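Below is one structure, written out as structure tokens; the observations come after it.
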2 protein chains.
Amino acid sequence: LLRIALDVLGGDHGPPVTVEGAYSFIENNPSDTLVLVGDKGYIEDQLSKYPSQIYEHIDIVHAPDNIEMNDSPTEAIRKKKNSSMVVGLELHKAGEVAAFVSAGSTGAQMAGSLMSLKRIPGVKRPGIGAFLPSEKGLVFLIDVGANVDCRPINILQFALMGDIFVSDVFNASNPKVGLLNIGEEENKGNDLTSHSFELLSSQLPNFYGNVEGNDILRGKTDIIVCDGFVGNTLLKMAESVMGVLSKSIKRSIGNNLLTNIGALLVRPAFSELKRVYSYEESGGVPLLGINGISIICHGKSSAKAIKNALQVAKDMKSKKVNQHIANRIKVEDTENE
Amino acid sequence: LLRIALDVLGGDHGPPVTVEGAYSFIENNPSDTLVLVGDKGYIEDQLSKYPSQIYEHIDIVHAPDNIEMNDSPTEAIRKKKNSSMVVGLELHKAGEVAAFVSAGSTGAQMAGSLMSLKRIPGVKRPGIGAFLPSEKGLVFLIDVGANVDCRPINILQFALMGDIFVSDVFNASNPKVGLLNIGEEENKGNDLTSHSFELLSSQLPNFYGNVEGNDILRGKTDIIVCDGFVGNTLLKMAESVMGVLSKSIKRSIGNNLLTNIGALLVRPAFSELKRVYSYEESGGVPLLGINGISIICHGKSSAKAIKNALQVAKDMKSKKVNQHIANRIKVEDTENE
């Protein structure tokens, strides 16, 4: 009975990959309907590759324009009214779908989601969360770029929203929340983090304390909260690690016969590692705090990533993440008065 | 004719490693003198391992106290007057040595250097630079923790000081300076970076523009400038990458016989990589902007790292880095008036 809109034009690989992702989601969720938003011709072309039963689970909404990566986000949202991004978000605003998923321009999706769907009452600023692989499983980092100039209240709200999202959608019980800082001690940090520490200590029962840059990949806490500038930089650096190391390893291996044989034998283990640390397969991440469900996918998303992102959208709806956020923020507001 | 003070007590490995580092520096620089600062008994114990000619190149200054890692930096500097850190910095202040090198508490060394040696006139805030390995060689990141709340003028001065240090000591000609930001475009960023962009564009001829988190390990520019909070977090994350990946690789390899043989064969290549990305062997980093030479070493420094740090101290002196900084900052000041 659930309907989710998918931006078919967004993403570096375009309709072949987004439609494949849609198909695999439908295979696993045959009672749901996907609304594919984009150029009708392109979409029908791609759908013809799959068994015709898929049409029972698919609606198409024609939206021929695409917002390009180098378009100015807010300008594109205002001017490209026939873009798959704007049309998809308007469907969500009108209540025709329960969620919107896109691998298009992240900036445009943020701006458009905020303009169309507004914020959950009480939420000062939305935040984007992202999963990073760690020694102990995935770590949820929030904010990774929605807000680059933050106040302590924003940091607290990111922590609360991340806590609810991870608990509801990933069934984590009482996840630990760490504040990214430059030292472990309470009095460490810059202006923002030292004030945020006080607020988190008093408002968040599962606040762990400060964590540092070297704790992220070690998975010291389940959730790490930081401002969007720091989070964005860390996420991008983490994304580049495997690519850079692969090249360095190839160079170190060079033309030595034995190390070449070794590399061949060890390849399956390394591919597994690359898969874990790769962002092309990971599902979408939510823009938390808006009054709706808008899932942001990596531009390089594979079909599997699109399928996973649709699943996250479905789970956010069925687990009532936004109601929980609204209740929690309301409670916080009352306590602060 | 050069005299450099070395804090023998600082560092996780203590006198055995610091004295070994001193010995290898002397081997390569037989006309220089090292002043070993620390507990006299410990130092003589260690020196007895080496040929007695080393005494011609060594002076010992007794300083029995050590500043511990969990001491409050400023308090320790004020109270532990007989610590190797304070005594070493006082020798530098008195002009008895040209530089001071320590692998002890970074916080205490920063605070102590600033208190004893003061700033170069015109420098608003000192900055700490650090080298990160990249695809294209080393990248110099500044600031990595001296200043966590910055203004654009601090960012500009970090860039100027980094530029001079890398050019003078590492013979880089016209190194490219990138501003760490969350997008490539000029108008991107938070309050600090968008204003810093303007200042760097107008004041720094070799300013490259914005670089992002994924450009750091790719070596897009020779120097990357950022505030100390972001730099400290990135440096610590980078430091943890190899450890985390080694563990993950071991886990992926598991008990499979072929991948185990492969791992054995590929080990030399991997060790080489680990060496490149390891911080235990890299030399010290300068606290730039103070009116003296204070080289900060990683707590885990090996003897080789200590030797390299002493070499950096010597080069900073002989290449007149501080005079160049003073001249450049004075010029900037005049231009800004």
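Quick notes on this one:
- Residue within region A:299-307 that is facing chain B (nearest Cβ under 7 Å), under 30 Å from B:L235 (Cα atoms), of a type outside the set (V, I, T) and surrounded by fewer than 21 Cβ atoms within 10 Å (Cβ to Cβ) present: no
- Checked against (1) facing another protein chain (nearest Cβ under 9 Å); (2) open to solvent by 10 Å² or more (accessible area, probe 1.4 Å), B:K274 meets all criteria but (1).
- Residues of region B:45-61 satisfying the condition of being surrounded by 14 or more Cβ atoms within 10 Å (Cβ to Cβ) and not polar (S, T, N, Q): B:L47, B:Y50, B:I54, B:H57, B:I58, B:D59, B:I60, B:V61
- A:N336 vs. criteria polar (S, T, N, Q), modelled with pLDDT under 95, within 23 Å of A:R125 (Cα to Cα) and open to solvent by 60 Å² or more (accessible area, probe 1.4 Å): yes
- Selection of first residues in region B:161-181 that are free of Cβ contacts under 8 Å to residues at least 40 places away in the same chain and of second residues that are among the small types (G, A, S) and surrounded by 24 or more Cβ atoms within 10 Å (Cβ to Cβ), restricted to Cβ pairs under 9 Å at least 6 apart or on distinct chains, gives the following pairs, ordered by first then second residue: B:N181/B:S196.
- Between A:A146, A:A103, A:A76, A:A108, the distinction of being within 30 Å of B:F229 (Cα to Cα), open to solvent by less than 20 Å² (accessible area, probe 1.4 Å) and not β-branched (V, I, T) belongs to A:A108 only.
- Among the residues of region A:82-121, just one is more than 20 Å from A:I325 (Cα to Cα) and free of Cβ contacts under 8 Å to residues at least 12 places away in the same chain, namely A:A94.
- Residues in region A:111-148 that are of a type in the set (S, T, Y) and within 14 Å of chain B (Cβ to nearest Cβ): A:S134 only.
- If you go through region A:285-295 and keep only what is open to solvent by less than 10 Å² (accessible area, probe 1.4 Å) and part of a strand (DSSP E or B), you end up with A:P286, A:L287, A:L288, A:I290, A:S294, A:I295.
- Residue within region A:245-256 that is part of a helix (DSSP H, G or I), open to solvent by 30 Å² or more (accessible area, probe 1.4 Å), out of contact with any Gly (no Cβ under 7 Å at 6 or more places or on another chain) and more than 8 Å from chain B (Cβ to nearest Cβ) present: yes
- Any hit, region A:149-163, residues being within 14 Å of chain B (Cβ to nearest Cβ), in contact with a strand residue (DSSP E or B) (Cβ under 7 Å, 6 or more places away or on another chain) and over 15 Å from A:A130 (Cβ atoms): yes
- Of all residue pairs spaced 6 or more apart or on separate chains, those with beta-carbon atoms under 6 Å, a first member in region B:19-39 that is among the small types (G, A, S) and a second member that is in a strand (DSSP E or B) are B:A22/B:L6; B:A22/B:L34.
- Selection status of B:V230, out of contact with any strand residue (DSSP E or B) (no Cβ under 6 Å at 6 or more places or on another chain), open to solvent by 10 Å² or more (accessible area, probe 1.4 Å), farther than 23 Å from B:S102 by Cβ and of a type in the set (A, V, I, L, M): no
- Qualifying residue in region B:118-137 (condition: out of contact with any helix residue (DSSP H, G or I) (no Cβ under 6 Å at 6 or more places or on another chain), modelled with pLDDT of 95 or more, polar (S, T, N, Q) and not in a loop (DSSP other than H, G, I, E, B)): no
- Unmet requirement for B:T233, which otherwise passes all of (1) under 30 Å from A:T193 (Cβ atoms); (2) of a type outside the set (A, V, I, L, M, F, W, C); (3) within 13 Å of the chain's Cα centre (by Cα); (4) part of a helix (DSSP H, G or I): (3)
- Residue count for region B:18-32 satisfying the condition of being over 16 Å from B:V312 (Cβ atoms) and either open to solvent by 30 Å² or more (accessible area, probe 1.4 Å) or not β-branched (V, I, T) (or both): 5.
So that you can scan it fast, the table gives a plain yes or no per residue for (1) touching a helix residue (DSSP H, G or I) at 6+ places or on another chain (Cβ under 6 Å); (2) assigned to a loop (DSSP other than H, G, I, E, B); (3) farther than 22 Å from B:G299 by Cβ:
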| position | (1), (2), (3) |
| --- | --- |
| B:G10 | no, yes, no |
| B:F25 | yes, no, no |
| B:L34 | yes, no, no |
| B:Y42 | yes, no, no |
| B:D45 | no, no, no |
| B:I67 | yes, yes, no |
| B:E75 | no, no, no |
| B:V101 | yes, no, no |
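- Failed item, numbered, when B:E185 is tested on (1) farther than 27 Å from A:I224 by Cα; (2) more than 10 Å from chain A (Cβ to nearest Cβ); (3) not hydrophobic (A, V, I, L, M, F, W, C): (2)
- Residues of region A:212-244 classified as hydroxyl-bearing (S, T, Y) and more than 7 Å from chain B (Cβ to nearest Cβ), total: 1
- The listed residue being among the small types (G, A, S), surrounded by fewer than 21 Cβ atoms within 10 Å (Cβ to Cβ) and closer than 24 Å to B:K307 by Cβ, out of B:G162, B:G95, B:G137: B:G137
- B:G262 in a loop (DSSP other than H, G, I, E, B), open to solvent by less than 60 Å² (accessible area, probe 1.4 Å) and either within 7 Å of chain A (Cβ to nearest Cβ) or in contact with a helix residue (DSSP H, G or I) (Cβ under 7 Å, 6 or more places away or on another chain) (or both): no
- Hey, A:S173 open to solvent by less than 10 Å² (accessible area, probe 1.4 Å), more than 10 Å from chain B (Cβ to nearest Cβ) and of a type in the set (G, A, S) or not: no
- Restricting attention to region B:184-218, the residues being free of Cβ contacts under 8 Å to residues at least 24 places away in the same chain, open to solvent by 70 Å² or more (accessible area, probe 1.4 Å) and assigned to a loop (DSSP other than H, G, I, E, B) number 3.
The values are calculated or read from the model by the stated rules, or taken from the named source; none is laboratory data. Predicted model only: the values in this text are computed from it and were never measured. Because the Cβ atoms are built from the backbone with ideal geometry, glycine has one as well, and the counts that use them run over all protein chains shown. Ligands, DNA and RNA are excluded from the accessible area calculation, which covers all protein heavy atoms including side chains. Shrake-Rupley method; radii C 1.70, N 1.55, O 1.52, S 1.80 Å.
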